[in-house]
Amino acid sequence: MNYVEKVKKATDFVKSKIDRVPEVAIILGSGLDRIKDGVDVSSKVRYEDIPNFPISTAPGHAGEMIFGKWNEVDVVLMNGRFHYYEGYSMKEITMPIRLFQLLGIEYLFVTNAAGGLNHAFDPGHPMIITDHINFMGDNPLVGKNVDEWGTRFPDMSKAYDPELISLAEESSKELGIEYYKGIYIAFTGPSFETPAELKMAQYFGADAVGMSTVPEVIVANHGGLKVLGISSITDRAIPDDLKPLTGEEVIEVANRTGEKIAKIFEKVLDKIKERD
Ligand code: HPA
């Protein structure tokens with residue numbers, strides 16, 4: 001079975017388990033599963049039950065799609081994402097995005113835990129992603145283009161939807177939540193970066209560093225979904241003052257930031273609902 005057939009089969013299965021197509025898909029990053037607390041759950045689909053779907057192995061990642069209503073908006077949450085460092089291909093880690101596209105979902109909200117490269121960033125705050133740098137050395141669109149899914153050379157000039165960025169900013173201000181804005185750079189991981197690598201990333205102009213998000217956002221843009229991305233800044237990735245870092249610390253700080261990101265999303269959903 002080729003990739004297109006696999007995705008279609010997985011989509012048909014998920015479709016058979018839900019009675020309404022969500023408007024928004026939300027990917028929960030490492031330690032950010034508390035974002036799901038506000039959702040009035042109608043059904044859950046486990047990844048292991050979806051034909052051809054990968055299984056998430058990263059710590060802090062469950063393996064289920066949660067369907068329900070959040071602030072009267074139909075949403076699906078991906079509780080557990082796939083990372084390149086788990087050994088999956090770019091096509092495998094972005095299969096959920098294709099599935100969302102084929103379901104007819106309009107918006108993708110994506111979250112992650114990230115190290116702060118910007119000197120002004122303190123851990124524990126959200127960063128609204130304005131743009132990204134793909135430093136993973138691979139791209140999920142490599143290979144024959146599937147024309148029915150998108151164009152061969154997709155535009156990335158507004159990879160993170162400017163209107164959604166404005167709504168997220170407005171929401172943060174109304175809520176009194178301190179936030180940053182900046183550029184996210186993705187390395188493959190799973191090793192954290194050396195000071196020399198972090199210095200390079202700063203020279204490149206990045207504000208935050210992580211190991212995810214970029215492949216999903218590329219595919220979302222190819223497939224015509226509008227993207228809002230928010231990082232949880234979990235640590236200071238400052239090369240000249242780098243402290244040893246563990247995955248556990250990242251998850252612990254992300255847990256604390258998750259609530260703020262959830263509040264911002266909730267308000268953005270309100271604003272989308274009002275506007276529609
Ligand atoms: N580097 C890469 N990924 C991360 C980091 C980091 O410093 N913090 C959280 N995720």
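The values are calculated or read from the model by the stated rules, or taken from the named source; none is laboratory data. Note that this is a predicted model, so its numbers are computed, not measured. Cβ coordinates were reconstructed from backbone atoms using ideal geometry, including for glycine residues, and neighbour counts include every protein chain displayed.
Structure summary
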| quantity | calculated |
| --- | --- |
| Leading residue by the ranking (surrounded by the most Cβ atoms within 10 Å (Cβ to Cβ)) among those in segment 80-110 that are modelled with pLDDT of 95 or more and basic (Lys, Arg) | Arg98 |
| Residues of segment 190-245 that turn out to be outside any helix (DSSP H, G or I) and within 13 Å of the ligand (Cβ to nearest atom), as a count | 25 |
| Single residue of Gly176, Gly189 found to be surrounded by fewer than 16 Cβ atoms within 10 Å (Cβ to Cβ) and at positive phi | Gly176 |
| Residues that are surrounded by fewer than 20 Cβ atoms within 10 Å (Cβ to Cβ), of a type in the set (Gly, Ala, Ser) and within 13 Å of the ligand (Cβ to nearest atom), drawn from segment 113-137 | Gly124 |
